[in-house]
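A short reminder: the numbers here are calculations on the coordinates, not readings from a lab. In this text the structure is predicted, and so the values were computed from the model without any measurement. Using ideal geometry, Cβ is built from the backbone for each residue, glycine included, and neighbour counts are taken over all protein chains shown.
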Amino acid sequence: TTAVAAVDLVKVYGTGATAVRALDGVTVGFGRAAFTAIMGPSGSGKSTLMHCLAGLDTATSGQALLGGTDLTRQPDRVLTRVRRERIGFVFQSFNLLPQLTAEQNIRLPLDLAGRAPDPALSARVVEVLGIGDRLRHRPSELSGGQQQRIALARALVTAPEVVFADEPTGNLDSHSGAEVLSFLRTSVREWGQTVVMVTHDPAAAAYADRVVLLADGRIAGDLDRPDRATIS
Ligand code: ADP
Ligand code: ADP
């Protein structure tokens, strides 16, 4: 079944002569429990597609469907709730709050949503990520790889339907990057998460089940079980 889908999605920035058609009629579905990488040249619309599907930006026309809800037709207050309750975000720059400990950062989305943690899920996330001895540290006391694992834990403790990852390994060395990508695969297998990851890195995309290629705001390719030779 499809967890997330774009249907003839169009996004135009600006108006008149300076308008930019960032998405030019994108139709693509992302199945449940699948790990998909979105690749394409700089400026091809990867971030715009992810932002529209995550309710962070409003498309000009078409549909951005999350479990059957069209996000293009929802008011901001609904989009905020959808982001908090149904989506996990992972960014290149980690986006941890420096004044909070790792554990407080991980709990933040639950606190914002007024929800109690699921102790079994939290324990499993901490165990699989190997961050049990880092929970009282602040981000500045952690390596980049450790910070990204804290960010992954934060994205997963709400048990979101979908995790959107924007260049999650962009600031990591290849060893830490490989660990983060393995964990994303684990979360797909263990929790049936739907993961959509934007990346420039063919080595990162090789961890995905599928690669969707964008060019000039359109789908230019769709590869199952890629290997590096086909996508680099
Ligand atoms: P990618 O993530 O593949 O690099 P983007 O989605 O960021 O591509 O950008 C797609 C196109 O939309 C580019 O031409 C970019 O310059 C333009 N664009 C993106 N965001 C904005 C914005 N806020 N205002 C104007 N143009 C934008
Ligand atoms: P509000 O607009 O009510 O302040 P939040 O800032 O709490 O909403 O955002 C809700 C969720 O959306 C958070 O999980 C946050 O990480 C994510 N989010 C908010 N703004 C952005 C953004 N510009 N890019 C990516 N994620 C964002």
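Using every Cα-Cα pair within segment 1-72, state what percent have a distance larger than 17 Å. Of all Cα-Cα distances in segment 1-72, 40 percent exceed 17 Å. GNM on the chain, C-alpha springs below 10 Å: top fluctuator among Asp222, Asp111, Asp57? Among Asp222, Asp111, Asp57, the largest GNM mean-square fluctuation belongs to Asp111. Measuring between their Cα centroids, segment 29-77 and segment 81-160 lie 23 Å from each other. Rounding to the nearest 10 and keeping the result within 0 to 90°, find how far the Cα-based axis of helix 144-156 lies from the longest principal axis of the chain. So the inclination is approximately 80 degrees. Helix content alone sets the calculated 222 nm mean residue ellipticity of the chain: runs of n ≥ 4 DSSP H residues at -39500 (n - 2.57) each, divided across all residues, give -10500 deg cm²/dmol. Under a Cβ-Cβ cut-off of 9 Å, what is the net charge of the residues other than Val157 that fall near it, where Lys and Arg count +1 and Asp and Glu count -1? Net of charged neighbours comes to +1. Take each peptide in 150-160, 38-48, count the other Cβ atoms within 10 Å of every residue, and average; sorted highest first, the result is 150-160, 38-48.
Mean silhouette area of segment 1-155, derived from the convex hull of its C-alpha atoms and averaged over all directions, reads 11.0 nm². Each of the peptides 167-176, 131-140, 83-92 was scored by the mean count of other Cβ atoms within 10 Å over its residues; in descending order, highest first, they stand as 83-92, 167-176, 131-140. Can you tally the net charge around Phe91? Count Lys and Arg as +1, Asp and Glu as -1, for every other residue whose Cβ sits under 10 Å from the Cβ of Phe91. Around Phe91, the charge tally is -2.
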